[in-house]
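To start, the structure itself, in structure tokens.
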Amino acid sequence: MATACRASRLPFAAATFLLVLLLAGGGAADDASSDDDAGTPRTPGCSNKFQLVKVKNWVNGTEGATVVGLSARFGARLPRDMQEAQKSFAILANPFACCSNLTSKLTNSVALATRGECAFTAKAKTAQAGGAVGLLVINDDEELYKMVCSENDTSINVTIPVVMIPQSAGKKLKDFLDHGASVEVQLYSPNRPIVDLSACFLWIMALGTIVCASLWSELVACEQVDERYNQLTRKDGPNTGTNYREDKEIFEISARGAIVFIIIASVFLLLLFYFMSSWFVWVLVVLFCIGGIEGMHVCLVTLLARIFKDCGQKTVQLPFLGEVLTISVGIVPFCVVFAILWAVYRHASFAWIGQDILGICLMITVLQMARLPNIRQVASALLSAAFVYDIFWVFISPLLFHESVMIAVARGDNTGESIPMLLRIPRFFDPWGGYDMIGFGDIIFPGLLVAFSYRFDRVSKKGILNGYFLWLTVGYAVGLFLTYLALFLMDGHGQPALLYLVPCTLGLIVILGWVRGDLHDLWNYGKGRTENVVDEP
């Protein structure tokens, strides 16, 4: 007799699989995107490297929030250490555009000017001629565009530092000065560490999630001996009246479904890019919370039932649901409260912990329900399509949409809020702060193949070294390392992680299978078998 899996959670698996597909991109960019002039060739006097700048400020002696600015291609370089930075008074340029002879006295002060009306170099020369020791240019947007030299600048002799600051920060400083307040500023540009410890932790989290999800059914859920046990529904077992049967809920991916997922995800990504607003973000937050609650519930029930075996036998009768496990009823409120608290405090400095916990539980659950039947057509179609999808929306989309669609959506450029479908961890030793992030898709897509390799090894009775699970796990670890190496070499510009992960996993299993003579078995594994159906003994 065969029992089909319940349909109640299959839509959850399909919907979650589509949602995580949206953010398969790698780490977010460190610096702001450049303007159209950023490609101007460097010339003598205009060859500085762009650097983020800390602008500390004091209003009437009281220290305010530090502003982050961006240095220009020209001008003096700023000190790395705050102790070496000079503290100077800030004065509004008059005229405010700083494009003509100034009437304000700027001697030994930092001039504050607005963007526009003339070239950046012209503003710097005007402020310098007025005796200023620095120039802060207020941008007309919150983005920090790179100030470069114009084609007409044949002689560039700017000896003062020039820094652009966001519109909101500049407006606050201007308002203080307009009301007669005394404003002092200090400019310096501390070094960013080559490798932050957060990247190592994120690497371990991503790798650990895949390994845990692959081994979950055997080491945690004990699937090989406990397949008759269900967390929710009581059934009579063949040998005893107190056993439970686990209805295997498997969402098996087809080649056609993989392509459809990619197309729908691309359309949805464009909708997010053009129309994302605060309410749209809230919709995604709610969906993430629902998925996180489901994932956390499944993981906790399985773990606790494994640790406290007696809990797996006690049930309670509920309206509409019938007889369910007592431990399951007790865990649901905890999961709901946990997700709600994360949603309420998601902007707090500690919110990343809750987001990562919910995300990891969600991915483990999805990897249990979504499976690749073989690498013939399905794995190759899914991972190859995701490979192209990732590269296109990160690297090629700027040619069509003037910026990277994937990175813009991941950072939440239109709303100031990042999408929750990410694992993130704060940079511990980075003076600039921020987060290292990886999209759920960069874990789930390769994770499907790694989990498939474990099932293949178990069915084929292969050992650790002559199997494929260990080597694909190593391949994923190497691919993720290459992703962060590329992120460093490209100065923090977001990377399509699947560009490195797919060759290191799909490419590896194909090559290794061909060398070992197992490629035919890997290619046709499970052919003619329906995985979302479980035979009763």
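The values are calculated or read from the model by the stated rules, or taken from the named source; none is laboratory data. Here the structure is a predicted model, which means the values were calculated and not measured. Backbone-built Cβ (ideal geometry, glycine too); neighbour counts: all protein chains shown. For the accessible areas, the whole protein counts, side chains as well, though only heavy atoms, and no ligand, DNA or RNA atoms are used. Shrake-Rupley method; radii C 1.70, N 1.55, O 1.52, S 1.80 Å.
Would you mind stating whether K123 is of a type in the set (K, R) and without any contact (Cβ under 8 Å) to a residue 60 or more places away in the chain? Criteria met by K123. Return the total of residues in the stretch 274-289 being buried (at least 16 other Cβ atoms within 10 Å of the Cβ) and more than 24 Å from E403 (Cα to Cα). So the answer is 3. The residue that is farthest from G180 (Cα to Cα), counting only those in the stretch 45-71 that are part of a loop (DSSP other than H, G, I, E, B) and within 29 Å of the chain's Cα centre (by Cα), is K49. When the stretch 456-474 is limited to residues that are open to solvent by 10 Å² or more (accessible area, probe 1.4 Å) and under 23 Å from the mean Cα position of the chain (by Cα), the one that is farthest from A370 (Cα to Cα) turns out to be V474.
I'd like the full set of residues that are open to solvent by 20 Å² or more (accessible area, probe 1.4 Å) and β-branched (V, I, T), limited to the stretch 498-519. V510, I511, V515 - these are the residues of the stretch 498-519 that are open to solvent by 20 Å² or more (accessible area, probe 1.4 Å) and β-branched (V, I, T). State all residues of the stretch 72-92 that are part of a helix (DSSP H, G or I) and open to solvent by 80 Å² or more (accessible area, probe 1.4 Å); if no residue qualifies, say none. Across the stretch 72-92, the qualifying residues are Q83, E84. Within the option set V378, V394, V409, V366, being open to solvent by less than 10 Å² (accessible area, probe 1.4 Å) and either more than 19 Å from the chain's Cα centre (by Cα) or farther than 23 Å from T505 by Cβ (or both) holds for one residue only, V409. Please verify whether E84 is within 16 Å of N57 (Cα to Cα), touching a residue at least 24 places away in the same chain (Cβ under 8 Å) and out of contact with any helix residue (DSSP H, G or I) (no Cβ under 6 Å at 6 or more places or on another chain), treating the condition exactly as stated. Spelling it out, E84 is indeed within 16 Å of N57 (Cα to Cα), touching a residue at least 24 places away in the same chain (Cβ under 8 Å) and out of contact with any helix residue (DSSP H, G or I) (no Cβ under 6 Å at 6 or more places or on another chain). Take the residues in the stretch 479-497 that are modelled with pLDDT of 90 or more and hydrophobic (A, V, I, L, M, F, W, C); name whichever of them is surrounded by the fewest Cβ atoms within 10 Å (Cβ to Cβ). Here the residue is F481. One residue is enough: does the stretch 440-455 have a residue meeting the conditions of a type in the set (D, E), open to solvent by less than 60 Å² (accessible area, probe 1.4 Å), in contact with a Leu (Cβ under 9 Å, 6 or more places away or on another chain) and closer than 21 Å to G517 by Cα? The answer is no; no qualifying residue exists. If you take the residues of the stretch 500-523 that are among the small types (G, A, S) and assigned to a helix (DSSP H, G or I), which of them is nearest to F395 (Cα to Cα)? Selected residue: G507. Within the stretch 64-100, the set of residues being within 20 Å of N191 (Cα to Cα) and of a type in the set (S, T, Y) comprises T66, S71.
Which members of the stretch 311-331 meet the condition of being surrounded by fewer than 19 Cβ atoms within 10 Å (Cβ to Cβ) and modelled with pLDDT of 90 or more? Passing the criteria: none in range.
Out of F308, F334, F338, F350, one residue alone is open to solvent by 40 Å² or more (accessible area, probe 1.4 Å), modelled with pLDDT under 85 and of a type in the set (F, W, Y). It is F308. The requirement of being over 21 Å from M363 (Cα atoms), modelled with pLDDT under 80 and small (G, A, S) is fulfilled somewhere in the stretch 236-252, by at least one residue. Can you give me the number of residues within the stretch 93-108 that are more than 16 Å from I165 (Cα to Cα) and either open to solvent by 10 Å² or more (accessible area, probe 1.4 Å) or in contact (Cβ under 8 Å) with a residue 60 or more places away in the chain (or both)? The number of residues fulfilling the criteria is 11. Looking at F251, is it open to solvent by 30 Å² or more (accessible area, probe 1.4 Å), over 19 Å from the mean Cα position of the chain (by Cα) and under 29 Å from A379 (Cβ atoms)? Yes: the conditions hold for F251.
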